[in-house]
């Protein structure tokens, strides 16, 4: 039999098959949420999807590619501003403007990456923050969108999404869910590809990856641009839902970078499940501690520091390593002739 | 290219604002020139403050390859420590340095021993994330205790005193003092690094940690001393900042960014380079502000990006980062 010499790589195991079944079931139930959830819950769920997407993208960037950016709010705000500019000034349908915002950010991220990659390690982090500041201050200078004071989407633009208010909320909800699922799926596919192998190698040991022939600089570059693309689409959608934009909210370091980093670190950096678990923990904490105001952020920062020092693999890392769990089929096991080498 | 729009806008504005271009201004040209000279001078003096932000940052990066994201928030914390000291003891803010500097230095020592030493290693992530968390914690703790209100320290008559230096130019005594202190701090650090036993310990751990330890140095203690020294400089910078302008809990990250830009422009590891870097950022901001108030900060960042594009190693590089 030819089967005897065939070698293939098995990605899934029993845990990942159960995990995928759970994820699929959850996605179907969540897609049906307009029929079982009230308006406030839909808004909360949309917000959760946005954070799952942002944290997953940051995790890909920092956890896998080793590019610790503290300036991803640059792309959230950029995507949002491109959407507002296209919808208000060029008359583009807001839903069409979302992918265009992604492409615009990807194009702008190319020269930005060229500049930022000149900064090594730690300095790259602060460099990305400078870039985000440059974007914010530039947005404040765009007088067509009311500069520093910000602006709102006109009624005509909002009406173009759908006729009734209820339908509009449903449409935006479904797009938020679809975007988060698409971003997660894209990351899973990426990690299963050759690039995923390269990224995992870079995550585990950059020098080792390089000595095994991985073009580290090129992989990092591609990941940076791809993450800018996704982050800007999420940003565009977030502000389409908010309807109102200003430079300080669109380029908020707390909302779009600090929270995202804490979510990823608490959940488990360098693992695809981490951002999902982290987002759930983040929203549970927020719903219970939100009344505390500034103290809430203080607690969140302290929790992130403790997790980083005591459990650097995050909450998911603690559980997954112990029980061998994985939600997504990402494992690589060599299967020779239909049997696994023991 | 949303980022380019303001740049083009600025070019247009620049040409119309250049002295001597407008017709019928010949009689005012000298006045205008003095105004520009004054702007640049103010920028240079402001650059001294930025150099002080940068010196503390550069110092700890040089010794332990740690970039402290909470650096700016620690500057603001020092300003609030000074505020409390001034309000409880009723002394001049400049006198309060006698208390603020040792308090911040002690805080730096403890912070390094208890928290930051645990983050050091080959992995970049822990120090970045821990200092980022620290930044958020300091900001929100200050917000909780002091609210978001703007505060300022009043240093008395020295604030409005100025010296005429001829040609219609005058410099404030306070900005001049601030610049002189920055030069003194950098000269002092330079001396400490290259002329003292402590400086030798700093350089030894910077070059090779395990070997330094084999030679009998306690790295944890050396690092803590470096952080204490860094926060002593931070304390001085914080008090000068608080006397110079309004401050509130949220302004830390911007101070970190100015200091960082000065470090990169000056070249990694070069203390005098940070002074040059600070002056360049200060002058760019002053010129930007004169062109258009909205251009104040943006001009500084653009100066940084231009240097990064043309000379990524900085003006006076010393170590490979």
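A compact table of results
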read-out: Members of the range B:294-320 that are facing chain A (nearest Cβ under 10 Å), touching a residue at least 12 places away in the same chain (Cβ under 8 Å) and part of a helix (DSSP H, G or I); value: B:295, B:297, B:298, B:299, B:300, B:301, B:302, B:304, B:308
read-out: Hey, residue B:180 touching a helix residue (DSSP H, G or I) at 6+ places or on another chain (Cβ under 6 Å), farther than 30 Å from residue A:71 by Cβ and in a helix (DSSP H, G or I) or not; value: no
read-out: Within the range B:65-158, helices (runs of 4 or more DSSP H) holding 1 or more residues that are farther than 26 Å from residue A:254 by Cα; value: B:71-89, B:97-114
read-out: Options A:73, A:122: the member that is modelled with pLDDT of 90 or more, out of contact with any strand residue (DSSP E or B) (no Cβ under 7 Å at 6 or more places or on another chain) and either on the phi < 0 side of the Ramachandran plot or within 9 Å of chain B (Cβ to nearest Cβ) (or both); value: A:73
read-out: Candidates A:185, A:139, A:178, filtered to the one that is surrounded by 20 or more Cβ atoms within 10 Å (Cβ to Cβ), under 28 Å from residue A:67 (Cα atoms) and either more than 9 Å from chain B (Cβ to nearest Cβ) or touching a residue at least 12 places away in the same chain (Cβ under 8 Å) (or both); value: A:139
read-out: Residues (facing chain B (nearest Cβ under 9 Å) and touching a helix residue (DSSP H, G or I) at 6+ places or on another chain (Cβ under 7 Å)) located in the range A:90-111; value: A:104, A:108
read-out: Segments classed as helices (runs of 4 or more DSSP H), wholly inside the range A:154-264, with at least 3 members that are over 19 Å from residue A:79 (Cα atoms); value: A:155-159, A:165-192, A:194-204, A:206-211, A:216-242
read-out: Residue match in the range B:239-247 (condition: under 30 Å from residue B:198 (Cα atoms), more than 13 Å from chain A (Cβ to nearest Cβ), in contact with a strand residue (DSSP E or B) (Cβ under 7 Å, 6 or more places away or on another chain) and part of a helix (DSSP H, G or I)); value: yes
read-out: Unique match (being closer than 12 Å to residue B:53 by Cβ and either out of contact with any strand residue (DSSP E or B) (no Cβ under 9 Å at 6 or more places or on another chain) or more than 14 Å from chain A (Cβ to nearest Cβ) (or both)) among B:206, B:230; value: B:230
read-out: Selected residue (only one of A:307, A:284, A:335 is more than 14 Å from chain B (Cβ to nearest Cβ), farther than 21 Å from residue A:185 by Cα and assigned to a helix (DSSP H, G or I)); value: A:284
read-out: Qualifying residues in the range B:264-286 (those that are modelled with pLDDT of 90 or more and surrounded by fewer than 21 Cβ atoms within 10 Å (Cβ to Cβ)) - the one farthest from the other protein chains (Cβ to nearest Cβ); value: B:272
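One line per residue, one yes/no per condition, for (1) in contact with a helix residue (DSSP H, G or I) (Cβ under 9 Å, 6 or more places away or on another chain); (2) within 14 Å of chain A (Cβ to nearest Cβ); (3) surrounded by fewer than 16 Cβ atoms within 10 Å (Cβ to Cβ):
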residue	(1), (2), (3)
B:41	yes, no, no
B:46	yes, no, no
B:60	yes, yes, no
B:65	yes, yes, no
B:75	yes, no, no
B:78	yes, no, no
B:97	yes, no, no
B:129	yes, yes, no
B:147	yes, yes, yes
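The values are calculated or read from the model by the stated rules, or taken from the named source; none is laboratory data. Note that the structure is a prediction, hence the values are computed from the model and not measured. Every residue, glycine as well, gets a Cβ built from its backbone with ideal geometry; the counts of neighbours run over all protein chains shown.
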